[in-house]
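These notes are about the structure you will find just below.
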Amino acid sequence: MLTITQWRGVVDGLAHLHSHSPQIVHGDMKPPNVLIAKDGRPMICDLGLARILVDETSFSSDEYASDEDQSWMRKINTTTPHSGTPRYLAPEQVDLNRPSKPTAAADVYAVGCIGFEFIYSKLPYANRPHNLQGQIFHDIRRGIPPASRPTTSHSPKTSPLSTPVDGVSLLWDILEWCWRRDPSSRPMALRLCELLASYEDAIVSALERQT
């Protein structure tokens, strides 16, 4: 089992990507794309699907952007919908009517899945060991989350993290916030960094009491 600290390191790395201007999204966040160094530090790798989010209209009037630069930015901005790995895809990415390209919000959804897998050593959609006949896609479209909150952990009554019961509830508040169906209601990676920095000790203590 990997640790909350290592998950926080992944979130920190993702926040660093998202902080670039123009913003960079990874597009295929999953545990195999996280390398663990000898000292335990996680490193995000495989940026093959990474995408730079650019308002192309801003380049048309930018006297400093050469034709070659504009062409490159448009080229790198063409990652297609359904890129990525099924278990870690956000609902908007598998929408049959208007599938979305990778976004920062989709990265956050996926990093929530990574956190769950790191901490519990279980796959998202663990009841689907194989994506036979697109079962995982079907579950995502139906609004089934990657994992369910343990029955011993109470759901928040108001907004996320408003009245935490214990460290495990705190953890699940964060995970479920990452997995919200509406991309605009998910936290930014930087906000996740702040939450994990504040609550890491409480979460670790609660998880240790459960083992």
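Find the residue count for the stretch 186-204, including only residues that are part of a helix (DSSP H, G or I) and either buried (at least 16 other Cβ atoms within 10 Å of the Cβ) or in contact with a helix residue (DSSP H, G or I) (Cβ under 6 Å, 6 or more places away or on another chain) (or both).
Qualifying residue count for the region: 11.
Which condition does Asp67 not pass, out of (1) surrounded by 20 or more Cβ atoms within 10 Å (Cβ to Cβ); (2) over 25 Å from Arg8 (Cβ atoms); (3) modelled with pLDDT under 85, if it passes all the others?
It fails just one condition, (1).
Which pairs turn up if I take residues in the stretch 91-118 that are among the basic types (Lys, Arg) and look for partners that are assigned to a helix (DSSP H, G or I) with beta carbon separation below 9 Å, at least 6 apart in sequence or on another chain?
Sorted first by the residue in the stretch 91-118, then by its partner, the pairs are Arg98/Glu92; Lys101/Gln93.
For the stretch 7-34, which residues satisfy the criterion of being in a loop (DSSP other than H, G, I, E, B), touching a strand residue (DSSP E or B) at 6+ places or on another chain (Cβ under 9 Å) and under 14 Å from Ala106 (Cβ atoms)?
Within the stretch 7-34, His26, Gly27, Met29 qualify.
Criterion first (among the aromatic types (Phe, Trp, Tyr) and either at pLDDT 60 or above or in contact with a Cys (Cβ under 6 Å, 6 or more places away or on another chain) (or both)) does Phe59 satisfy it? Full working, then the answer.
Details: among the aromatic types (Phe, Trp, Tyr): yes; either at pLDDT 60 or above or in contact with a Cys (Cβ under 6 Å, 6 or more places away or on another chain) (or both): no.
The answer is no for Phe59.
Do you know which of the residues in the stretch 163-185 that are of a type in the set (Ser, Thr, Tyr) and touching a residue at least 12 places away in the same chain (Cβ under 8 Å) is surrounded by the most Cβ atoms within 10 Å (Cβ to Cβ)?
Ser169
The values are calculated or read from the model by the stated rules, or taken from the named source; none is laboratory data. Just so you know, these numbers come straight off a predicted model, no measurement behind them. All Cβ positions, even for glycine, are placed from backbone atoms using ideal geometry, and neighbour counts span all protein chains on display.
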